[in-house]
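Okay, so here's the structure we're looking at.
The values are calculated or read from the model by the stated rules, or taken from the named source; none is laboratory data. Every value quoted in this text rests on a predicted model; they were computed, and no experiment measured them. Ideal geometry is used to build each Cβ from the backbone, glycine not excepted, and the neighbour counts take in all protein chains shown.
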Amino acid sequence: MTAGTAEAEQEPVGIPERLRDPGSEPGGGVGPGPEPTERGVLRWAYARQRRWIVGAAVFTAIHQMCEAAVPVMIGAVVDHAVRRGGPADLALWIGLLAALFLVLTVAMRLGGRCNRHGSQGAAHDLRMVAVARVLDPRGFADPTADSGALLSTATADTLRIGLGNRSWVLGAGAVAALAFGAVALLLTSVPLGLLVLVGLVPLLWATKLLAKPLSARGAAEQAQVARATGTAADLMRGLRVLKGLGAEPAGLRRYRRASRAALAATVRAARWDAGYEGVTLLLNGLFLAVVTLVGARFAVEGTISVGEFVASVGLAQFLVGPSSRFGGAMSLRARARGSAKRLAALLAAPYAVTGGERALTPPVAGELTLDGLSHGPLKDVCLRVPAGTTLGIAATEPAEATALLDVLALRIPPESGRVELDGVPLAELRLDDARTALVVADHDGDLFDATVEENVASVAGAAPPGRVAAALAAADADQVIEALPHGTDSTIGERGRSLSGGQRQRVALARALAADPPVLVLHEPTTAVDAATEAKVADGLRTMREGRTTVLVTTSPILLRTCDRVVLLHDGEVRAEGTHSELTRDDSSYRTAVMA
């Protein structure tokens with residue numbers, strides 16, 4: 001298990017089996033993810049929905065060509081039915097015009113449906129890829145990864161990339177319409193057709209050139225929105241603490257600054273959008289005016305008929321729409337490129353750990369060994385926890401406990417030394433196997449917006465009947481259940497917000513106990529409960545974990561009293577070992593740590 005580095009080769013991101021969506025493709029799941037580059041993300045988003053995008057492009061092109069044919073058909077009605085024909089001719093041409101509108105309408109509806117599949121389907125697949133990377137058990141080497149930025153990338157950016165697929169559809173329709181209109185004008189008047197063809201080239205080139213700054217503006221906007229989202233998420237997580245400290249005004253000021261920065265970036269991006277649309281509309285209007293003036297002159301000179309003049313003016317006016325849509329396609333593409341760059345950065349982020357290839361062979365006895373472990377404040381820590389025993393670890397500094405938990409939870413590899421399970425280094429085991437056999441439960445474990453039963457049973461797998469109830473009783477959470485309106489079927493809200501701090505802590509502890517791993521590491525599991533409840537929890541832990549290896553990282557004397565052996569971590573080293581009573585009597589540093 002080694003730390004990932006920016007230079008390390010990053011394998012393409014795929015979708016873990018547990019995150020696969022059977023509806024995404026016939027084989028189940030979205031398969032291998034994209035190459036973690038801007039171009040790779042855009043190419044993958046297109047390839048995943050190719051059939052829908054191609055179908056949408058074909059139907060949109062048909063629709064646009066039918067739209068371009070409408071002024072031509074009206075011109076034909078003027079020349080052949082109104083001026084030189086009778087009622088029968090007029091009825092025939094009107095019938096042909098109605099048939100044209102029928103084809104136009106059907107193509108528009110089918111194209112819109114395929115277009116939605118192509119964009120929303122790609123956005124969904126990209127969300128699955130982003131979520132898979134965020135939830136990847138190998139984690140992120142950068143411990144400062146912002147949850148708000150990750151959320152923004154997995155939602156807003158993936159949607160923009162999906163909408164970027166529409167650029168192909170809009171572009172195909174615009175090109176088809178422009179080509180059809182130019183050919184129709186050439187058949188009406190060669191000079192008019194050549195004028196359109198010659199004028200469209202610089203017009204489309206200018207449209208594409210003007211769209212380039214939109215990518216950078218869009219990326220800056222999304223970055224500021226991500227910061228505001230992250231700030232909001234932080235404030236929501238710490239809302240109870242803020243209220244307890246009376247610090248709501250400070251939190252509000254912090255969010256207001258982040259929100260205003262996001263607003264300013266959005267306004268700047270919107271100004272560029274508005275300016276881009278205004279300039280492209282002006283260029284298209286000037287182009288239309290030139291074509292109309294030339295066509296009118298030809299009609300006055302008799303070079304073209306009245307019907308042909310009507311058709312040419314209608315075509316020239318119609319061509320403003322496809323030209324604008326081509327500009328819109330470039331705008332969508334530019335924004336998609338900015339978002340693809342952000343998603344590619346997420347996918348290319350190096351892993352914190354990689355794990356090994358060795359499978360853990362059952363049965364797992366649960367003997368845990370720390371051999372020369374050094375990480376952060378920890379210095380050459382050596383420990384052995386015999387299988388089936390309970391070890392208490394009292395750290396004089398919180399940073400020491402945090403570093404130890406990070407290593408045991410495989411969130412980050414140690415700087416030196418190793419951790420062994422039944423004599424096998426954790427670094428050589430597959431991550432899923434290691435984390436199933438050795439579970440680390442933090443004191444602030446998150447709960448889900450589900451029932452108590454679902455929260456506790458979420459890690460229990462195919463647990464025998466009664467384990468969830470036994471875990472709730474051991475964590476003294478049965479009193480929590482009695483206070484809820486629907487017992488274990490009560491929904492507790494996001495992050496368990498309908499529960500008090502002590503209730504949340506007991507439900508989270510019950511969840512860890514229900515998992516029943518060979519080795520369970522608990523970090524301060526009773527900080528939010530009173531002494532009487534803590535004593536009940538200590539007894540329940542001892543009973544529930546009988547014959548299993550348990551490590552309690554805590555300074556609670558009530559919990560440490562139940563341990564078979566206690567270790568004191570001081571200045572990053574193992575300074576003392578013994579029972580709680582022995583250390584309390586003989587070691588002043590231990591007394592200060594647990595009795596203060």
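So which of 345, 329 is within 30 Å of the chain's Cα centre (by Cα) and surrounded by fewer than 23 Cβ atoms within 10 Å (Cβ to Cβ)? Criteria check complete, one pass: 345. Figure legend. Inter-residue proximity from region 465-482: first residues on the phi > 0 side of the Ramachandran plot, second residues buried (at least 19 other Cβ atoms within 10 Å of the Cβ) and aliphatic (A, V, I, L, M), beta-carbon distance below 8 Å, spacing 6+ or different chains. Indicated pairs: 476/529; 476/537. Among residues of region 529-541 that are outside the structural domain of residue 391 (by TED's automatic domain parsing), none has a Cβ under 7 angstrom from a residue that is modelled with pLDDT of 90 or more at a sequence gap of 6+ or on a separate chain.
Return the only residue of 559, 569 being in contact with a strand residue (DSSP E or B) (Cβ under 6 Å, 6 or more places away or on another chain), of a type in the set (A, V, I, L, M, F, W, C) and not in a helix (DSSP H, G or I). Just one listed residue meets the conditions, 569. Of 320, 306, 291, all but one fail to be modelled with pLDDT of 70 or more and not basic (Lys, Arg); the exception is 291. Name every residue in region 405-420 that is farther than 21 Å from residue 558 by Cβ and either acidic (Asp, Glu) or not in a loop (DSSP other than H, G, I, E, B) (or both), in order of residue number. If the condition is that a residue be farther than 21 Å from residue 558 by Cβ and either acidic (Asp, Glu) or not in a loop (DSSP other than H, G, I, E, B) (or both), then 406, 407, 408, 415, 416, 417, 418, 419, 420 are the ones that fit.
Considering region 366-393, and only residues there that are surrounded by fewer than 17 Cβ atoms within 10 Å (Cβ to Cβ) and in a loop (DSSP other than H, G, I, E, B), the residue that is nearest to the chain's Cα centre (by Cα) turns out to be 376.
Scanning region 264-312 for residues that are in a helix (DSSP H, G or I), hydrophobic (A, V, I, L, M, F, W, C) and over 49 Å from the mean Cα position of the chain (by Cα) yields a count of 10.
What are the residues in region 388-430 that are over 15 Å from residue 373 (Cα atoms), polar (S, T, N, Q) and out of contact with any Leu (no Cβ under 8 Å at 6 or more places or on another chain), if any? If the condition is that a residue be over 15 Å from residue 373 (Cα atoms), polar (S, T, N, Q) and out of contact with any Leu (no Cβ under 8 Å at 6 or more places or on another chain), then 389 is the only one that fits. Has region 134-148 got any residue that is in contact with a His (Cβ under 7 Å, 6 or more places away or on another chain) and crowded, with 19+ Cβ neighbours inside 10 Å? Among the residues of region 134-148, not one is in contact with a His (Cβ under 7 Å, 6 or more places away or on another chain) and crowded, with 19+ Cβ neighbours inside 10 Å, which makes the answer no.
One line per residue, one yes/no per condition, for (1) in contact with a Phe, Trp or Tyr (Cβ under 8 Å, 6 or more places away or on another chain); (2) of a type in the set (Val, Ile, Thr); (3) buried (at least 16 other Cβ atoms within 10 Å of the Cβ); (4) outside any strand (DSSP E or B):
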| residue | (1), (2), (3), (4) |
| --- | --- |
| 540 | no, no, yes, yes |
| 546 | no, no, no, yes |
| 552 | no, no, yes, no |
| 555 | no, yes, yes, yes |
| 574 | no, yes, yes, no |
| 577 | no, no, no, no |
| 582 | no, no, no, yes |
| 590 | no, no, yes, yes |
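Would you please name the residue that is modelled with the lowest pLDDT, looking only at residues in region 95-151 that are assigned to a loop (DSSP other than H, G, I, E, B) and in contact with a Ser or Thr (Cβ under 9 Å, 6 or more places away or on another chain)? Step by step, filter region 95-151, then rank; the result is 146. Scanning region 183-198 for residues that are touching a residue at least 40 places away in the same chain (Cβ under 8 Å) and crowded, with 19+ Cβ neighbours inside 10 Å returns 184, 185, 188, 189, 192, 195, 196.
Every condition in (1) among the hydrophobic types (A, V, I, L, M, F, W, C); (2) surrounded by 16 or more Cβ atoms within 10 Å (Cβ to Cβ); (3) at pLDDT below 80 is met by residue 88 except one, and the failing one is (2). Filtering region 114-153 to residues that are free of Cβ contacts under 8 Å to residues at least 24 places away in the same chain and within 28 Å of residue 176 (Cβ to Cβ) leaves only 116. Just so you know, in region 406-416 the residues that are surrounded by 22 or more Cβ atoms within 10 Å (Cβ to Cβ) and in contact with a strand residue (DSSP E or B) (Cβ under 6 Å, 6 or more places away or on another chain) include one that is nearest to residue 519 (Cα to Cα), and it is 408.
Among the residues making up region 136-187, those that are hydroxyl-bearing (Ser, Thr, Tyr) and either closer than 20 Å to residue 349 by Cβ or touching a strand residue (DSSP E or B) at 6+ places or on another chain (Cβ under 8 Å) (or both) are 144, 147, 152, 153, 155, 158. Contact annotation: residue pairs with Cβ atoms under 6 Å, 6 or more positions apart or on different chains, pairing a residue in region 438-457 that is crowded, with 16+ Cβ neighbours inside 10 Å with a partner that is among the acidic types (Asp, Glu) and outside any helix (DSSP H, G or I), are 443/524. No other residue among 265, 269, 261, 299 is touching a Phe, Trp or Tyr at 6+ places or on another chain (Cβ under 6 Å) and not hydroxyl-bearing (Ser, Thr, Tyr) apart from 299. Any chance region 496-519 includes a residue that's part of a loop (DSSP other than H, G, I, E, B) and β-branched (Val, Ile, Thr)? There is no residue in region 496-519 that is part of a loop (DSSP other than H, G, I, E, B) and β-branched (Val, Ile, Thr).
Under the condition of being in contact with a strand residue (DSSP E or B) (Cβ under 9 Å, 6 or more places away or on another chain) and either in the same structural domain as residue 472 (by TED's automatic domain parsing) or more than 16 Å from residue 551 (Cβ to Cβ) (or both), the residues counted in region 417-437 number 10.
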